[in-house]
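The structure appears right after this line, and notes come after that.
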Amino acid sequence: MSPHKLADFETDHDLSRDNYDEQLDALQHRLELIQAAYIAQGLKAIVALEGWDASGKGGLVTRMSATLDPRYCKVWPISAPSREEAARHYLWRFWQRLPGNREIAVFDRTWYGRVLVERVDGFTPEPRWRAAYDEINAFEAQLLADGTRLVKIFLHITQDEQDRRLEERLKTPWKRWKTGKDDYHNRSMRSAYVAAYQDMFDQCSPAVAPWHVVAANDKKHARVRSLELICDALGEGVDLSWPEPDAALVKIAEKALGKTLF
């Protein structure tokens, strides 16, 4: 299904700080308008993020949610399932976190763990993780049929860039909480993950819910490009025009404020 090859996304972009700041401000404002339309019109969406350890998912989430109303934007950092979650179908814990009307849900790692870490580390037998591709496609088709917008983004960095960032996390005291032994275990399994990612792109990237791979060696470029993809997906076909003020409310406000407003 997917034309993506990770080797095609290893370009070292170099977005200038001034250009980055200008584009980031514009995209954050655009996303504010999209969220306002979602709240007013009862729409809902999911932003699904995957990528290498230290690829910048957290930084992207921070920039995406920075100017949004947190009452209608929920971020779900996904880690290993709890005992309660592990006792149930792997999609169960995600059903509990799906957005309702007026909401945008951001998943920092996703249901694709079934065909990624569970596959690579042998947590799930091969017949079961192979069956998950069809299960995930069906799950996402249900979301789309229910009116949920879905955008899936994968942040790709080279081994050299990952190594640089892992070293930086150890050497920077306030970043040390971001790293642990799992990062180095996963690093040792890179070739197995490349194969798993490629199968994920090939098996679960239909036209209605494609994977978008973003070259992320340059964090600034990755954030801008990812936000462009998010805004395009969430805003497509959505009426972003300003709503007319409610006439009854205007009368109440004019009486309370003692002046004509329009």
Spelling it out for HIS212: with amide H atoms placed in the peptide plane at 1.01 Å from N, the residues 5 or more places away or on another chain with amide H under 5 Å from its amide H are LYS152, ILE153, PHE154
For LYS181 and VAL208, extending 7 Å from Cα along the Cα-Cβ vector and measuring point to point gives, in nm, a value of 4.4 nm
To the nearest 0.05, the calculated FRET efficiency linking ALA195 and ARG17 through their beta-carbon distance, R0 being 41 Å, is 0.65
Restricted to pairs 8 or more residues apart or on different chains, the lysines in the chain with C-alpha atoms under 13 Å apart form a number of pairs equal to 6
Per the rule of 0.36 nm per residue minus the C-alpha distance, extending ASP232 to LYS259 adds in nm 5.7 nm
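Every number here is computed from the coordinates shown, using simple stated rules; none is lab data. Bear in mind that the values here come from a model prediction, so they are computed numbers and not experimental data. Ideal geometry is used to build each Cβ from the backbone, glycine not excepted, and the neighbour counts take in all protein chains shown.
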